[in-house]
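Below is one structure; the comments refer to it alone.
The values are calculated or read from the model by the stated rules, or taken from the named source; none is laboratory data. What you see is a predicted model, and the numbers here were worked out from it, not measured in a lab. Here Cβ is always computed from backbone atoms with ideal geometry, including for glycine, and neighbour counts include all displayed protein chains.
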Amino acid sequence: MSDDSERAGGVPAPRGNTGETIARRRGMFGANNGGDTSGYSGLRRTVRMPGASSRPYGGYFDEVADELEGALEEQGVDPETAIEKTVVDRDELTFHIARAYLPQVARTLRDDPALRFELCTGVSGVHNPADTGRELHAVYHLRSITHSRLIRLEVSVPDADPHIPSVVDIYPTNDWHERETFDFFGIVFDGHPALTRIMMPDDWQGFPQRKDYPLGGIPVEYKGAQIPAPDQRRSYS
Amino acid sequence: MSTSHTTRTTPRATASAGARETTEGTVYTVSGGDWDEVAEAVTRRSDDERIIVNMGPQHPSTHGVLRLILEIDGETVTEARAGIGYLHTGIEKNLEYRTWTQGTTFVTRMDYLTPFYNEAAYCLGVEKLLGITDDIPDRATVIRVLLMELNRLSSHLVAIATGGMELGATTVMIYGFRDREHCLDIFELITGLRMNSAYIRPGGLAQDLPPGAIEQLRDFIRKMKKNLPEYDKLCSGNPVFKARLTDVGYLDLAGCLALGATGPVLRSAGLPHDLRKSDPYCGYETYDFEVPTTDTCDSMGRFLLRLEEMHQSLRIMEQCIDRLEPGPVMVGDKKIAWPAQLALGPDGLGNSLDHIRNIMGTSMEALIHHFKLVTEGFRVPPGQVYTAVESPKGELGVHMVSDGGTRPYRVHFRDPSFTNLQATAAMCEGGMVADVIVAVASIDPVMGGVDR
């Protein structure tokens, strides 16, 4: 990895051009308001996430993908529609699932004897404000104790319509996890028995983990110097 | 036990509970004293014995700021709900505004009883994103395992100590904290701090073991081998202890998996699931140890498991000490390794003056490099990973997303206490009020980890 970063002068080389572009950054040092005197205002950087992989995926990933696609076909679901994309990156398998099919896919993954993902380790949110139409992501990690396997499901929804079907009736453990993701990202899990805030006070405004939600903080004086609040400090976008 | 309301109208001498009428019914504020008086007062006022007790968030036996909302009928709990969020500190949000290395300082404060697990899970994630997992020096990995297992001891000791204290078994508490203090002494010797050490860093460790650490660790293992059986003698066969814990906080295997419970709670239901065996990290597959289980599904089983796990941790620590070889404790890539040579200065532990004198006086490039790495940090290629370690409480997972920048784009911790605490209702409903305390203690939640 160090070779890559040296080649592009500190910026890691894009991992092929197949990656999915989620944002374009310009400039450096976070000088976005007013005149940029840093001399770096011409800098452009494309943020690319690892893109779709093609078979063979390697390891047990092919077997899981085959079984899942086969099981979905048996239920009369076209795997191409339910699974938008399969990504293999850093020895991890990710299925991008169309939101309408999430409960059915989760149930299949849990119940199919060849899959048996008994344990869901909850849901985590990700906010990509620049990725229009797919701003909010819900990421689920499923673990199969029977087969010692781990996979990831990812569901993306637009900010304008942040609804994802709840999987609490399939994995009751996601009760608090979905409440947490709702609390922090504003993703509404339809069908959750009691979707209320869990960490923040009930009357809190806004969703704190979104990228456009400020961190807050006040400057601190240390040994006579003013140290700006963390979100006001220089950033290297 | 208290509600959030207080009253000043009731004289203290007559009762320990003040009463106040609200639209919801009568609200009593109980601040210690005799429970019988409250129960009597309630029954005198109505025929209905059904009352709602708001236990916490400030209560000594709720392990921090956990709020339990119990609907009780006489002494039986008919409904139990846990309210959390009182210790939410926004650590995940803060991480997005610091460099990858600074993140360890935050994550170590989440579950403050298992700092090394938080750090290890976080650093394993960063290393996986960087693709340097195989480049971590062996010595660093062995010391990580050593500290994690020592941390398992200290965490389980607190679990047993506070659990005992809540039953009124103060000797257990004294013993537990006495032995935990030995663990913290070693943490202090090695990392400079008793807690919140930020010692495990992306790429390796902050610094090597100090002189004398191995001797102290050997002493500790010898001492613990003598002390651990004391808990057995004190508790395992104690009729009162057994009566309070047996069949309390019952959660069977189906319940555990549905609720996502891991760690001692899951293993007390008979499933030997341990990430150190099933999805090994840090070379755990090369260590010789066992995963104890019981099939009682109750608090007593979890207590016995924790005792046995401490013995197993001592076994792993002995193997760690035997395989420690001299060598570096930080990855060789100077673009990632902090150029830290720590020394104790007048304002605490910091970069050694000799090192600073060297880079400032002899090499301009070294100075620039040092400055860039510390202020800007290193860049991490875009992508996402999930890494998990077996913390004393269960599966501690980290979902980490990088956008190719010098700061994490998103870090989410799946804290085992958070998930396991959901089992409170399943464990407590239908039981007695006094057993709620035992059931919650057997989950061993730490609110710093639950709320993050």
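Miscellaneous remarks
- Some residue of region B:180-194 being in contact (Cβ under 8 Å) with a residue 24 or more places away in the chain and either within 14 Å of chain A (Cβ to nearest Cβ) or not in a helix (DSSP H, G or I) (or both): yes
- Subset of region B:93-122 (residues that are buried (at least 24 other Cβ atoms within 10 Å of the Cβ) and either modelled with pLDDT under 90 or of a type in the set (D, E, K, R) (or both)): B:ASP111, B:GLU119
- Candidates A:THR121, A:THR132 - the one that is away from every other protein chain (no Cβ under 14 Å), of a type in the set (S, T, N, Q) and within 21 Å of the chain's Cα centre (by Cα): A:THR132
- In region A:217-237, residue nearest to the chain's Cα centre (by Cα) [restricted to those that are loosely packed, with under 14 Cβ neighbours inside 10 Å, more than 9 Å from chain B (Cβ to nearest Cβ) and not β-branched (Val, Ile, Thr)]: A:PRO228
- Number of positions in region A:148-163 that are at the interface with chain B (Cβ under 10 Å from one of its Cβ atoms) and either touching a residue at least 60 places away in the same chain (Cβ under 8 Å) or part of a loop (DSSP other than H, G, I, E, B) (or both): 5
- Some residue of region A:159-177 being aromatic (Phe, Trp, Tyr), surrounded by fewer than 14 Cβ atoms within 10 Å (Cβ to Cβ) and farther than 26 Å from A:MET49 by Cα: no
- When the residues of region B:244-258 are filtered to those that are in contact (Cβ under 8 Å) with a residue 24 or more places away in the chain and hydrophobic (A, V, I, L, M, F, W, C), the one that is surrounded by the fewest Cβ atoms within 10 Å (Cβ to Cβ) is B:LEU253.
- Checking A:SER2 against (1) at pLDDT 80 or above; (2) within 28 Å of B:THR406 (Cβ to Cβ); (3) of a type in the set (S, T, N, Q), the condition it does not meet: (1)
- Any hit, region B:61-83, residues being buried (at least 24 other Cβ atoms within 10 Å of the Cβ), under 27 Å from B:ILE186 (Cα atoms) and at pLDDT below 90: yes
- No other residue among B:LYS93, B:LYS128 is within 14 Å of chain A (Cβ to nearest Cβ) and out of contact with any Pro (no Cβ under 7 Å at 6 or more places or on another chain) apart from B:LYS128.
- Filtering A:THR86, A:THR108 for residues that are in contact (Cβ under 8 Å) with a residue 40 or more places away in the chain, more than 11 Å from chain B (Cβ to nearest Cβ), among the polar types (S, T, N, Q) and over 20 Å from B:PHE413 (Cα atoms) leaves a single hit, A:THR108.
- Some residue of region B:418-432 being in a strand (DSSP E or B), facing chain A (nearest Cβ under 9 Å) and not aliphatic (A, V, I, L, M): no
- Among the residues making up region B:124-161, those that are in contact with a helix residue (DSSP H, G or I) (Cβ under 7 Å, 6 or more places away or on another chain), closer than 16 Å to B:MET330 by Cβ and either in contact (Cβ under 8 Å) with a residue 60 or more places away in the chain or surrounded by 24 or more Cβ atoms within 10 Å (Cβ to Cβ) (or both) are B:GLU127, B:ILE136, B:VAL142, B:ARG144, B:LEU147.
- Residues satisfying the stated conditions in region A:164-185, i.e. among the charged types (D, E, K, R) and assigned to a helix (DSSP H, G or I): A:ASP175, A:GLU178, A:ARG179, A:GLU180, A:ASP183
- When each of B:GLY212, B:GLY192, B:GLY203 is tested for being crowded, with 20+ Cβ neighbours inside 10 Å, of a type outside the set (A, V, I, L, M) and within 30 Å of B:GLY332 (Cα to Cα), the lone residue that passes is B:GLY203.
- For region B:96-122, filtered to residues that are of a type in the set (Asp, Glu) and more than 10 Å from every other protein chain (Cβ to nearest Cβ), the residue that is farthest from B:ALA206 (Cα to Cα) is B:ASP111.
- Out of B:ARG218, B:ARG222, B:ARG244, B:ARG276, sole residue that is assigned to a helix (DSSP H, G or I), more than 18 Å from B:THR419 (Cβ to Cβ) and either in contact with a strand residue (DSSP E or B) (Cβ under 9 Å, 6 or more places away or on another chain) or not assigned by TED's automatic domain parsing to the domain that holds B:SER154 (or both): B:ARG276
- Across region B:405-417, the qualifying residues are those that are outside any strand (DSSP E or B) and within 13 Å of the chain's Cα centre (by Cα), and the one among them that is nearest to A:VAL126 (Cα to Cα) is B:ASP415.
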